[in-house]
Amino acid sequence: MAKVKHSKTVLSHTKKNLSPTERDKLDRDIYNDVLKYKDRDYFFKQLDAVSNQLITRLQRQYPNLTERELYLVCYQMLNIPIADQMQLLECNQDAYFKMKNRFVKKLPDIKASELSRFIDDMISNTNK
């Protein structure tokens, strides 16, 4: 995440001359350069490697999760700011929170406010 922050800081002067759409695209490009999130298989594989197979286990335990919901988990796990998550997921604030609420309803007894704890518990527990 430090690379993303550094790149955004370096380009902040350039971003001032861009339209909001161009700024969003530039931010997504920066994240892709660092995280390679556009290559779904690579991105999920890399996160599985550092998260105790979290993505694989979620897909196995909750087969009805969408790709966007899995990306949401990844972005939450990486502590990406919500504004940046919305850019990466290409949605506005209302759509983001609706998606997050629909996602947690697919999980057993989890509230949206407990999502980070749920993710941390999944990462630390190999038996889930």
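Restricting attention to segment 74-110, the residues that are under 20 Å from ARG23 (Cα atoms), touching a residue at least 24 places away in the same chain (Cβ under 8 Å) and part of a helix (DSSP H, G or I) add up to 3. Quick check on segment 1-49: of everything there that is at pLDDT 70 or above and small (Gly, Ala, Ser), which residue is nearest to SER124 (Cα to Cα)? Among them, the one singled out is ALA49.
Scanning segment 34-57 for residues that are touching a helix residue (DSSP H, G or I) at 6+ places or on another chain (Cβ under 8 Å) and more than 16 Å from LEU78 (Cα to Cα) yields THR56, ARG57.
With the structure loaded, tell me whether LYS100 is of a type in the set (D, E, K, R) and out of contact with any Asp or Glu (no Cβ under 9 Å at 6 or more places or on another chain) or whether it fails that test. Criteria not met by LYS100. Residues in segment 82-97 that are surrounded by 12 or more Cβ atoms within 10 Å (Cβ to Cβ) and farther than 12 Å from TYR37 by Cβ: 6 in all. The conditions are (1) in a helix (DSSP H, G or I); (2) loosely packed, with under 13 Cβ neighbours inside 10 Å; (3) not aliphatic (A, V, I, L, M), and PHE118 fails exactly one of them. Which is it? With respect to (1) in a helix (DSSP H, G or I); (2) loosely packed, with under 13 Cβ neighbours inside 10 Å; (3) not aliphatic (A, V, I, L, M), PHE118 is out only on (2).
The residues of segment 94-116 that are modelled with pLDDT of 90 or more and either more than 25 Å from ASP24 (Cα to Cα) or not polar (S, T, N, Q) (or both), listed by number, are ASP94, ALA95, TYR96, PHE97, LYS98, MET99, LYS100, ARG102, PHE103, VAL104, LYS105, LYS106.
Here CYS91 clears all of (1) closer than 23 Å to ASN125 by Cα; (2) at pLDDT 90 or above; (3) in contact with a Lys or Arg (Cβ under 9 Å, 6 or more places away or on another chain); (4) not small (Gly, Ala, Ser) except the condition numbered (1).
The values are calculated or read from the model by the stated rules, or taken from the named source; none is laboratory data. Please read these numbers as outputs of a predicted model, since none were measured by experiment. Neighbour counts run over all protein chains shown; Cβ positions are idealised from the backbone, glycine included.
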